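Asks: Provided herewith is a single structure, encoded as structure tokens, for subsequent inquiry.
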Amino acid sequence: MATLVIENLRKSFGPVAVLHGVDLALASGEMLVIVGASGCGKSTLLRLVAGLDAPTSGRIVLDGRDVARLDPSARDIAMVFQNYALYPHMSVFDNMAYGLRIRGLAKPDIERRVHEAADILGLRPLLTRKPRQLSGGQRQRVAMGRAIVREPKLFLFDEPLSNLDATLRVQMRAEIRRLQRRMGVTSLYVTHDQVEAMTLGDRLLVLHQGVPVQLATPMEVFGRPANTYVAGFIGAPAMNFLPATLASQGTAARFADGTIQRFADGRRAGADGHKLTIGIRPEHVEFEPGGQNFQVDLVEPLGSETVLIGRLASGQLISVKVAGAGPRDETLMVSFPASAFHVFDGTTGLRIDPVVN
């Protein structure tokens, strides 16, 4: 097991800055999931740690040693790629053993490591097969086995499940987490899939346009998003955002229709009239006689729950998620309980917490 510390890591390709200074520290045996929209820099960050790209500046410290300028082969890091990267002409055994042979390990050691990894991954009956004879899930297991046999200090996963169908993704997600915990290897995992991010990581790093915007546990990121980007990215359907202003000496929000709702968790700092964005998740919207008119435009039945998409009288587009089949009326009355408010600055998008007395 090993620790990983990244300090002010930056990467530019010519005049284009991709990473704008990343700082983070992983404890020994921790799995950190890096999540963000396409183009946010998450794969670039992984490639810098792996040594496949060189940083413009910054440090990558693995177990107390700065490896930022070392060759990838000298970093004691194993990477699992999105496309498996298996040699098509080699058997499963040879694919898993290839890196060990290059490093000059003795044949008995190679056989021991490959067979141990094959037993862990359920690959023992497949060791003589070629990649073309395997399913997608089996190929991904081989790719993981190739990483495991190296017994590295750090695992890197670059969207390893994106080529699998939905059922296999669920199975492999659980398998990866089980293996990582069993082996206790410090790991970085890149994904754009929210479910993978929430279920796999001890902590999440949310990147936005090359800038780290929140580093916290999955439930903290979901329950207390640092800004409107995180709030809108984590959670499905996305959080609803309602424009408002501060009112009643910071104790309430005034919405576009003139209604005022008192904050349930305390006063916010700032002058009345200051622009706010009030976030509320679709599952927290309530149906209430006398509430605001909600014109349903689209019903998405998902079996155990239903998502309703429509507009308020103000024209604001919102989503509502309810258990079961849900109502079928075209016009409903909805309300937004203050206890479920997420309060953000209307200009900067940053979260505004209650004033501590």
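The values are calculated or read from the model by the stated rules, or taken from the named source; none is laboratory data. Since the model is a prediction, treat every value here as computed from it, not as a measurement. Here the Cβ is made from the backbone with ideal geometry for all residues, glycine too, and neighbour counts use every protein chain on show.
Asks: Taking interchain pairs and intrachain pairs at least six residues apart, which have beta carbon atoms under 6 angstrom, with the first residue in the stretch 161-184 and assigned by TED's automatic domain parsing to the domain that holds Glu196 and the second assigned to a loop (DSSP other than H, G, I, E, B)?
Replies: Final answer for the pair search is Ser162/Gln82; Arg169/Leu161; Met172/Leu161; Gly184/Met1; Gly184/Gly29.
Asks: Search the stretch 111-131 for residues that are assigned to a loop (DSSP other than H, G, I, E, B) and pair each with any residue that is among the small types (Gly, Ala, Ser) and surrounded by fewer than 18 Cβ atoms within 10 Å (Cβ to Cβ) when their beta-carbon atoms are under 9 Å apart and the residues are at least 6 apart or on different chains.
Replies: Close Cβ pairs satisfying both conditions: Leu127/Ser91; Thr128/Ser91; Arg129/Ser91; Lys130/Ser91.
Asks: Now for a separate question. Return the residues of the stretch 82-102 that are modelled with pLDDT under 90 and touching a Pro at 6+ places or on another chain (Cβ under 7 Å); say none if nothing qualifies. Walk me through it before giving the result.
Replies: Of all residues in the stretch 82-102, those modelled with pLDDT under 90 come to 82-86, 99, 102.
Correct list: Gln82, Leu86.
Asks: Continuing with this model, one more query. Considering only the stretch 315-349, how many residues are in contact with a Leu (Cβ under 7 Å, 6 or more places away or on another chain) and free of Cβ contacts under 8 Å to residues at least 12 places away in the same chain?
Replies: Result for the stretch 315-349: 0.
Asks: How about the stretch 32-63: which of its residues are farther than 13 Å from Leu154 by Cα and surrounded by fewer than 16 Cβ atoms within 10 Å (Cβ to Cβ)?
Replies: Ala37, Ser38, Gly39, Leu52, Ala54, Thr56, Ser57, Arg59
Asks: What are the pairs, 6+ residues apart or on separate chains, where a residue within the stretch 287-314 that is farther than 20 Å from Ala256 by Cα has its Cβ under 9 Å from a residue that is among the aromatic types (Phe, Trp, Tyr)?
Replies: Leu308/Phe294
Asks: Pull out all pairs, ordered by first then second residue, where Cβ-Cβ is under 6 Å, the residues are six or more apart or on different chains, the first lies in the stretch 57-78 and is among the basic types (Lys, Arg), and the second is modelled with pLDDT of 90 or more.
Replies: Listed by first residue and then by second, the contacts come to Arg59/Glu7; Arg59/Asp66; Arg59/Ala68; Arg75/Gly51; Arg75/Val67.
Asks: Can you work out which of the residues in the stretch 329-347 that are surrounded by 11 or more Cβ atoms within 10 Å (Cβ to Cβ), of a type outside the set (Phe, Trp, Tyr) and assigned to a loop (DSSP other than H, G, I, E, B) is modelled with the lowest pLDDT?
Replies: Filtering the stretch 329-347 for residues that are surrounded by 11 or more Cβ atoms within 10 Å (Cβ to Cβ), of a type outside the set (Phe, Trp, Tyr) and assigned to a loop (DSSP other than H, G, I, E, B), the one modelled with the lowest pLDDT comes out as Asp329.
Asks: Only one of (1) among the aliphatic types (A, V, I, L, M); (2) more than 21 Å from Ala231 (Cα to Cα); (3) surrounded by fewer than 16 Cβ atoms within 10 Å (Cβ to Cβ) fails for Leu350. Which number is that?
Replies: Of everything listed in (1) among the aliphatic types (A, V, I, L, M); (2) more than 21 Å from Ala231 (Cα to Cα); (3) surrounded by fewer than 16 Cβ atoms within 10 Å (Cβ to Cβ), Leu350 misses just condition (2).
Asks: Within the stretch 82-128, take every residue that is among the aromatic types (Phe, Trp, Tyr) and surrounded by fewer than 19 Cβ atoms within 10 Å (Cβ to Cβ) and give me the one that is farthest from Ser162 (Cα to Cα). Full working, then the answer.
Replies: First pass over the stretch 82-128, keeping only residues among the aromatic types (Phe, Trp, Tyr): 84, 87, 93, 98.
Add one more test, that the residue is surrounded by fewer than 19 Cβ atoms within 10 Å (Cβ to Cβ), and what stays is 87, 98.
Numbers: Tyr87: 20, Tyr98: 25 Å.
Ranking the qualifying residues of the stretch 82-128, first place goes to Tyr98.
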